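Q: Questions regarding the structure given below will be posed in turn.
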Amino acid sequence: ANGNEGKKFKGNRSPCSPSRVLHLRKIPSDVTEAEVISLGLPFGKVTNLLMLKGKRQAFLEMASEEAAVTMVNYYTPVAPHLRSQPVYIQFSSHRELKTENLPNQARTQAALQAVNAVQSGSLAFTGALATEFRLLPGQSSVLRIIVENLLYPVTLEVLYQIFSKFGTVLKIITFTKNSQFQVLLQYADPVNAHYAKMALDGQNVYSACCTLRIDFSKLTSLNVRYNNDKSRDFTRLDLPSGNGQPSPEPSVATAFGKKSSLLMINTHSQTIMYHMALNSLPDLSVPSVPGALGPLGMPNSTVSGRMTLPNATDVPGNSVLLVSNLNSEKMFCTNILFWISTGVYGDVHRVKIMFNKKENALVQMADANQAQLAMSHLNGQKLYGKLLRATLSKHHMVQLPREGQEDQGLTKDYSNSPLHRFKKPGSKNFQNIFPPSATLHLSNIPPSITVDDLKNLFAGTGSTVKACKFFQKDHKMALIQLGSVEEAVQALIELHDYDLGEKHHLRVSFSKSTI
């Protein structure tokens, strides 16, 4: 490929910024097609590629716009590296790639087919593909990970959420050596380990800290004796916990056992989770982590390990979001709706709907980490028929109207709201932050409420209720699965804190589980 191909390239141009076609700049001149494709694999299927090696550029087409949005959100704060060189990614003005009549595309199409086949599990890792990825004999399926600048705990669940986005994780062992927190992680296939290393090496799990340094281990396989919070064999759920530590709950073990396609996502230099508006990733089943990997987040939630940490107010950054493309009629009539939906990912202190542009709002979170987390999960999310856009604002505070100043009720102060989920240090809510999903977790349910009562309540919001069940050991909690993610988001907005009687107000959040 050379610069002339850019002139021959035909695409449908559009002024809209989000597109499933991404423009990559400053790629190394000797990079292979498979290496470029690997940047997109954690976020979904890559459907086409155009390499312009003479210009050190490439166009990458994702299967969906949502996957592309998640990828851009993930890589914008912290650029990925190919061959130790940073690569810059942005939306292209092209809506799709039409490369059928271009020369030198046979190699690209072969690489696409092979890599997507490996990702779907329908093709073994072959010598030809190993050549494409430049894998060396010493590059095994086991990674050695050192977490530097460990200001906050990086749990086994967070690690799983982050790394399972790149393939099936079989085993994880965590330990401390030479005063460094280290991890051994085994994939099912060396190719998964390779592009996990390529995408995650040097990224931060949380904003400006917990940096991942990744290398291939000399070990070819891990021997895990116990399943607990220090080690896990996802192929052996029958292992004892050891050392008196509790075994993981069956539901947790089952969730971990599922292959995650994640985020994280949210991988901004400030968040792994992504999350990765993680929900846009296929089969995303775990939470994301706010941090440099923000968009990867685990948005699979777990891969993202997308939990925000309590009392992280010292992390530099902006805590004010600019949210645009709101449904102004819905949001203006009940202007706390967006506050409640955002409150799933942090405590919202103030909201200001713009006077002249009521489809735009400023949302001030408790701190920068929570702002990153909310942004990564909500950007690109469909709400009341429109795709939300969430970015950091140039403002660092939402100003309240002066005394006597007419505001028409557009500015709200929720600083002292009793509904804040994260103001208590060490709250379990920090461990239960997941991407938007069609399944909701319900809690604080009074004994008199039945499954039919819950189904009728959620059907009243216009949702299609597919399934609902109480927790076997705790009738105060239940899972309910709705017809779509959009329905679940709207139901959460309308029914969180709903008065069920008997002094019980319903608590609603997103779940990583399915029914």
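The values are calculated or read from the model by the stated rules, or taken from the named source; none is laboratory data. Keep in mind it's a predicted model, so treat the numbers as computed, not measured. Positions of Cβ are backbone-derived with ideal geometry, glycine not excepted, and every protein chain shown enters the neighbour counts. Calculation scope for accessible area: heavy atoms of the full protein, side chains included, ligands and nucleic acids excluded. Shrake-Rupley method; radii C 1.70, N 1.55, O 1.52, S 1.80 Å.
Q: At 1.4 Å probe size, with the rest of the protein present, what percent of the exposed accessible area of the stretch 21-115 is carbon and sulfur atoms?
A: Details: 1590 of 3450 Å².
Carbon plus sulfur share of accessible area: 46 percent.
Q: Further question on the same structure: Grab the beta carbon distance between D189 and R236, set R0 = 25 Å, and tell me the FRET efficiency rounded to 0.05.
A: Working: r = 19 Å, r/R0 = 0.75.
Here the calculated transfer efficiency is 0.85.
Q: Per Stokes-Einstein, at 10 °C and 1.306 mPa s, what whole-number D in µm² s⁻¹ belongs to the stretch 142-233, with the Kirkwood radius over Cα pairs as the hydrodynamic radius?
A: On the way: Rh = 13.1 Å.
The Stokes-Einstein estimate is 122 µm²/s.
Q: Leaving ligands, DNA and RNA out of it, rank E406, E486 by accessible area with a 1.4 Å probe, largest first. Write down the numbers at each step before the final one.
A: Details: E406 145, E486 45 Å².
So the residues, ranked largest to smallest area, are E406, E486.
Q: Applying 1/(1 + (r/R0)^6) with R0 = 25 Å to the Cβ-Cβ distance of E502 and Y384, what FRET efficiency is obtained, to the nearest 0.05? Kindly include the intermediate steps, with their values, before the conclusion.
A: Values: r = 31 Å, r/R0 = 1.25.
Here the calculated transfer efficiency is 0.20.
Q: Short version: ³J(HN,Hα) in whole Hz for each residue of the stretch 143-157, in order, from phi by Karplus 6.51 cos²θ - 1.76 cosθ + 1.60 (θ = phi - 60°), x for Gly and Pro, what are they?
A: With coefficients 6.51, -1.76 and 1.60, one gets 9, 9, 10, 10, 9, 8, 6, 7, 7, 10, x, 10, 7, 4, 5 Hz.
Q: For the stretch 434-510, state what percent of all Cα-Cα pairs lands in each successive 10 Å bin, counting from 0 Å until the bin that includes the largest distance.
A: Per 10 Å bin, starting at zero, the Cα-Cα P(r) for the stretch 434-510 comes out as 21, 60, 19, 0 percent.
Q: Over the stretch 142-233, what percent of the accessible surface lies on carbon and sulfur atoms, probe 1.4 Å? Don't jump to the answer; show the numbers that get you there.
A: Numbers: 1590 of 3430 Å².
Answer for the stretch 142-233 is 46 percent, counting heavy atoms of protein chains only.
Q: Solvent-accessible area of T235, probe 1.4 Å, all protein chains present, reported in Å² to the nearest ten, please.
A: 90 Å²
Q: Could you work out how far apart the two model spin labels at L400 and K424 are, taking each label as a point 7 Å from the Cα in the direction of the beta carbon, and quote it in nm?
A: Taking the simple label geometry, L400 and K424 are separated by 2.6 nm.
Q: Hey, what's the stretch 434-510 come to in accessible area per residue, 1.4 Å probe, Å²?
A: Working: 3550 Å² over 77 residues.
Ligands and nucleic acids excluded, the result is 46 Å² per residue.
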